[in-house]
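The values are calculated or read from the model by the stated rules, or taken from the named source; none is laboratory data. Not measured: the values here are computed from a predicted model. All Cβ positions, even for glycine, are placed from backbone atoms using ideal geometry, and neighbour counts span all protein chains on display.
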Amino acid sequence: MNNTVPFPEQKRPDDSDKQPAGPPPPTGWDRFTTRAIDWTGNRIEDILDAPTYGWTGMATWLKALIILTGSVLGLLAAWWGVTALIDAVRSATWHSHDTGLIATMHQPVRGYLQTHSAALPVSATTAYATWQLFGAASFILSWWSGATGARLTWTVWGASAVGMIWAASPASGRTVATGLAVLTWTAASTLALSGLTLRSPSFVHVHNDVQPPPVLVRPNIHLPQPVVERVEINGRELRPAERDN
């Protein structure tokens, strides 16, 4: 008697049971590159569409970039222009022995700035050039554009000029120099402050108390006269002669 247990028949792998392996899952680097490529393509598309849609339909990030770039370039140009003007005024030769109306006003200002700027890091020549530049720029802008800021700058500039002329002029001619400065400043202000008025705008409000006449509504209801076409009593129709009786 054979008690041996045969080994169970093992199923051989069949090629039909094998399923095709799918693509490997994307890695983090693959996802990053895909998003970067999509983002770059969208930005390039925004740039190419900008001439077609104009400023109104342009992408917001393009508007912000243009405004930021223009502001930076404008500030750099303004800084370069102001520096160049100050250097040009500084390089000019000022004669301390000038006489006349202009010397009566500009020499006290120059002397005042030279005296009170000795302890400052800026030189008296630079301070005087900056003062002249602000005066000329505020006068031109006030006359040309009428901007409120330019007119305020011109007013403060004139008041500071009158104060420096009063403080630095000789005591014997202080009132005359200050008076000439005030007259010159007010004469120039007729152009710089042209169109400025201190009169508050008036508003005229007309209140009409007249009440409209009341509207009376009188409803009239017109009902037509009833027309008797047929009268029956106990199922028998009455004749017209019988109706009257």
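Looking at segment 148-171, which of its residues are small (Gly, Ala, Ser) and surrounded by fewer than 15 Cβ atoms within 10 Å (Cβ to Cβ)? Write out each step before concluding.
Quick first cut of segment 148-171, residues small (Gly, Ala, Ser) only: 149-150, 158-161, 163, 167-169, 171.
Selection gives GLY149, ALA159, GLY163, ALA171.
Determine if segment 21-29 includes at least one residue that is modelled with pLDDT under 85, surrounded by 10 or more Cβ atoms within 10 Å (Cβ to Cβ) and over 30 Å from THR130 (Cβ atoms). Yes, segment 21-29 contains a residue that is modelled with pLDDT under 85, surrounded by 10 or more Cβ atoms within 10 Å (Cβ to Cβ) and over 30 Å from THR130 (Cβ atoms). When you look at THR104, is it at pLDDT below 85 and touching a Lys or Arg at 6+ places or on another chain (Cβ under 7 Å), yes or no? In short, no.
Counting only residues that are part of a helix (DSSP H, G or I) and surrounded by fewer than 13 Cβ atoms within 10 Å (Cβ to Cβ), how many does segment 110-135 have?
At the first step, the residues of segment 110-135 found to be part of a helix (DSSP H, G or I) are 110-116, 124-135.
Checking the rest, the ones that are also surrounded by fewer than 13 Cβ atoms within 10 Å (Cβ to Cβ) come to 115.
The number of residues fulfilling the criteria is 1.
ALA92 fulfils the conditions (1) under 19 Å from LEU133 (Cα atoms); (2) at pLDDT 75 or above; (3) not basic (Lys, Arg) except for a single criterion, (2).
Annotation note: Cβ proximity below 6 Å between a residue of segment 34-57 that is of a type outside the set (Asp, Glu) and a residue that is surrounded by 11 or more Cβ atoms within 10 Å (Cβ to Cβ) (sequence gap 6+ or interchain) occurs for ALA50/MET58; ALA50/LEU62.
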